[in-house]
2 protein chains.
Amino acid sequence: MDRVAIVGASMTQFGQREGWIRELLAEAGQDCLANAEIDGDDLEHLYVSNMASGEFEGQTGIANAVAHDLDALPAYTARIDQTSSSGGAGVYSAWQSVASGASDLTLLIGGEKMTHRSTAEATDVIASLTHPAEYKHGVTLPSFAGLTARRYLHEYDAPRESLAKVAVKNHKNGVDNPHAQFQKEVDLDTVMESPIVADPLRLYDFCPITDGSAALLLCPESVASEYTDDYAVISGIGGATDTHVVHEREDPTVMNGVVDSSAIAYEQAGLSPDDIDVAELHDMFTILEFLQSEGLGFFEQGEGWKAVEEGVTDRDGELPINTSGGLKSKGHPLGASGVAQVYEIYKQLTGTAGPRQVEAETGLACNVGGFGNCVITTIMEAGQ
Amino acid sequence: MDRVAIVGASMTQFGQREGWIRELLAEAGQDCLANAEIDGDDLEHLYVSNMASGEFEGQTGIANAVAHDLDALPAYTARIDQTSSSGGAGVYSAWQSVASGASDLTLLIGGEKMTHRSTAEATDVIASLTHPAEYKHGVTLPSFAGLTARRYLHEYDAPRESLAKVAVKNHKNGVDNPHAQFQKEVDLDTVMESPIVADPLRLYDFCPITDGSAALLLCPESVASEYTDDYAVISGIGGATDTHVVHEREDPTVMNGVVDSSAIAYEQAGLSPDDIDVAELHDMFTILEFLQSEGLGFFEQGEGWKAVEEGVTDRDGELPINTSGGLKSKGHPLGASGVAQVYEIYKQLTGTAGPRQVEAETGLACNVGGFGNCVITTIMEAGQ
């Protein structure tokens, strides 16, 4: 079967942005179309990844609005929502649209506009994805992260500093990403002395509230050369859920959705964890980078923290993780994040990552919804 | 290529329901699984069609919640939103999941919980899908319907009564649908004397505010017999957009999204309008049944009203339309409606529609988002 190729990718500046979601989505979409030198009405399908434009801005129907703004009529459009993994779910939908033969040219745009709301308001919207029993008792995602981090440090004899080193590493990577919200390094002391949010996690263990969008252009590999000389293929993609009620999980330090979704993706790609050269993980909280790097099989259970301590996941390490800066320094506009992860892998595989460039023929993106409630893993390879 | 089969379908009672969206979704989902004698964890993908659980109930992440309720872990889940055509968009996503090879067993559940909000509040949520300029000037979907109806009656010399006869016909059909919100006939005088909402349209030209859900089970046709003896196949499906700003359309009496989406579906199925034996159209407003029946090629432009006058679209007519009662009498829980349309065609094609049964080997469902902003057309045939 013809594989699905990514023949274009773009992302906007992440951070605090003016305007509203519709303009942000159109910005990334226009850039992606311009890069491929095509017009909106060349598109057959157009998907928008977005969690909550209705809740954040009182505006729905945004997929249709963006199709209009990009002159993409009569392209079919829909919005894909899977909370904070809406971006990855959009990648999966866009992949399916091409792999099923429904579309020969699909644009995916993921985005979110959040910073016009207070942190409390934004946290409240995000917390509405949790189980109502958790929600009513004030258990938000940051508090799950704190509980899980405490358990992990205890269970695997990991030093608190190892978590902080995730933030230090990802901020260092973000310096070379012109689209990142924070393009500045932070040192270990700064992280360790930042205010406590959910003990033992501190302010710098958390990603920020962010506006931004990112876009991808997909088509069958057989026609990829019509759009670009350098492309990437999605050679494996899978999604999986874990319990909606987090406390029902047997071991809070194991992300079953990561294990299950990556098993599907590895099998489809015919690859194993050892074959991956570069990865973008969903470091919404520093602890999540450990859990994902273990769930994906990069490191043994309870050993992810050592890899960070030993520099294995540094940009010049054996397996660079979050060369983009990750959600931690790049920012986390919910619907955009999963798309921006794939954007980064695309840049790495096509040799266009500039100062962030690493040597890679194969890459992986892992996008997490909720507290691992749903996970999409995407494996990509450089096109031939 | 293996076609995509529908091997199970269910719907809940439509109307004013207790509980919340999650329970409604689980109810249809459980019924669909039970009918096929399978368990939740047999599912590979699970899609939820829903427009606005966040806006209506302050609850997001519902795809994940329902996967949990159906014991469907670790099935991949996502929510599909395309405003009032979310159901049809979900059918398209579910079809793609099977046609792409990503899933060999997909459950789609569409639903909405609305009646706990006032009509004004519900209308306001729905109006948030329109262009902000329209929205701010108070132009909601019912007012578009009024303007379009007036134009249609003028342009094609159609009597006002012809619109009312759509309501009379669909209410008559709804009497035999035990799931319909209104299982009672209305006569022409009742419609013609009901209060004016958006001149010339009156209360009985509009569908109600409704709670409810519906579900479909999809798999490759090659394994359909594992689940049921009687199944239907989706032989053609297409989606298309029209302008987000309604007044930019050249002719308000032409639904371009209907024309474009059905062209894709007809071509894929290798069928023409003459081949369709039964159809479910999106009669959110009576005028829309005329426009769709013309856009789909059943009748010439401006002739749809005559077909209703002459009984062509009655249950015992040449081309029965809305045997289910349509949105008009069955009700219109936004995310459920497109799924419930396909449910009705499935029942007709598998000979299980009871007192509503018509003779049909081929059926069509047309689901409309916004005021024709996005349309999904699905063509189905009885399985072999």
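Pairs of alpha carbons in the range A:82-212 separated by more than 17 Å make up 70% of all such pairs.
For the pair A:ASP230 and B:GLU185, a Förster radius of 56 Å applied to the C-beta separation gives a FRET efficiency near 0.30, rounded to the nearest 0.05. Expressed as a fraction of 2.2 N^0.38 Å, the C-alpha radius of gyration for the range B:82-146 is 1.51. A DSSP coil position with no more than 12 other Cβ atoms inside 10 Å describes the following GluC sites (Glu not before Pro) in the range A:11-97: A:GLU18, A:GLU37.
DSSP beta bridges confined to the range A:268-384 are antiparallel in about 65 percent of cases.
Applying both filters, DSSP loop and at most 12 other Cβ atoms within 10 Å, to the trypsin sites (Lys or Arg not before Pro) of the range B:318-380 eliminates every site. The radius of gyration of the Cα set in the range A:133-198, together with its Dmax, comes out at 14.5, 42 angstrom. Taking all C-alpha pairs of the range A:1-122, those more than 16 Å from each other amount to 60 percent. For the range B:221-279, the normalised intensity computed at q = 0.13, 0.28 Å⁻¹ comes to -0.51, -1.10 (log10 of I(q)/I(0), Debye sum over alpha carbons, equal scatterers, no solvent). The mean count of C-beta atoms from other chains within 10 Å of the C-beta of residues in A:80-93, rounded to a whole number, is 5.
For A:LYS184, the lysines whose Cα falls under 28 Å of its own Cα, not counting residues fewer than eight places away in the same chain, are A:LYS113, A:LYS165, A:LYS169, A:LYS172, A:LYS306, A:LYS328, A:LYS330, A:LYS347. Take the Cα radius of gyration of chain A and divide it by 2.2 N^0.38 Å, with N its residue count; two decimals is plenty. With N residues counted in chain A, Rg over 2.2 N^0.38 Å equals 0.90. Restriction of the GluC sites (Glu not before Pro) in the range A:215-263 to DSSP coil positions whose beta-carbon has at most 10 other beta-carbons within 10 angstrom yields A:GLU250.
The mean number of Cβ atoms from other chains found within 10 Å of a Cβ in peptide B:247-257 is 1, as a whole number. Please give the residues of the range B:1-40, grouped as numeric ranges, whose backbone N is less than 16 Å from a label point set 7 Å along the Cα-to-Cβ vector of A:ALA133. What the label zone holds, given the 16 Å backbone N cut-off, is B:23. Computed extension gain for B:ASP41 through B:GLU250, at 0.36 nm per residue and net of the alpha carbon distance, reaches 70.3 nm.
Set the Förster radius R0 to 30 Å, insert the Cβ-Cβ distance between B:GLU309 and B:ASP275 as r into 1/(1 + (r/R0)^6), and round the FRET efficiency to 0.05. Efficiency, from the Cβ-Cβ distance: 0.80.
Of interest is the spacing of the C-alpha centroids, which for the range B:1-30 and the range B:331-381 amounts to 14 Å. Just need the relative contact order of chain B here, percent rounded to a whole number, with Cα pairs under 8 Å and 6+ apart. The normalised contact order for chain B reaches 26 percent.
Counting Cβ atoms of other protein chains within 10 Å of each residue's Cβ and taking the mean over peptide B:361-374 gives 2. The equivalent ellipsoid of the range A:158-243 has semi-axes of 36, 18, 12 Å, largest first, where each one is the square root of 5 times an eigenvalue of the Cα gyration tensor. The modelled label-to-label distance for the pair B:GLU121/A:ASP2, using points 7 Å beyond Cα in the direction of Cβ, is 4.9 nm. In a simple Cβ point-charge model (Lys, Arg +1; Asp, Glu -1; nothing else charged), chain B has a dipole of about 1040 debye relative to its Cα centre. Note on the protein assembly as shown: percent of Cα-Cα distances in each 20 Å bin, starting at 0 and stopping at the bin with the largest distance, equals 19, 52, 25, 4, 0. Annotation: the antiparallel percentage among DSSP beta bridges lying fully within chain B is about 70. The alpha-carbon positions of the range A:219-317 define a convex hull whose volume is 137 Å³ per residue.
For the protein assembly as shown, the share of DSSP beta bridges that are antiparallel, to the nearest 5, is 70%.
We did not get these values from a lab; they are worked out from the coordinates using the rules stated. A quick note: this is a predicted structure, and the numbers were derived from the prediction, not measured. In this analysis, Cβ positions are derived from the backbone assuming ideal geometry, glycine residues included, and neighbour counts consider all displayed protein chains.
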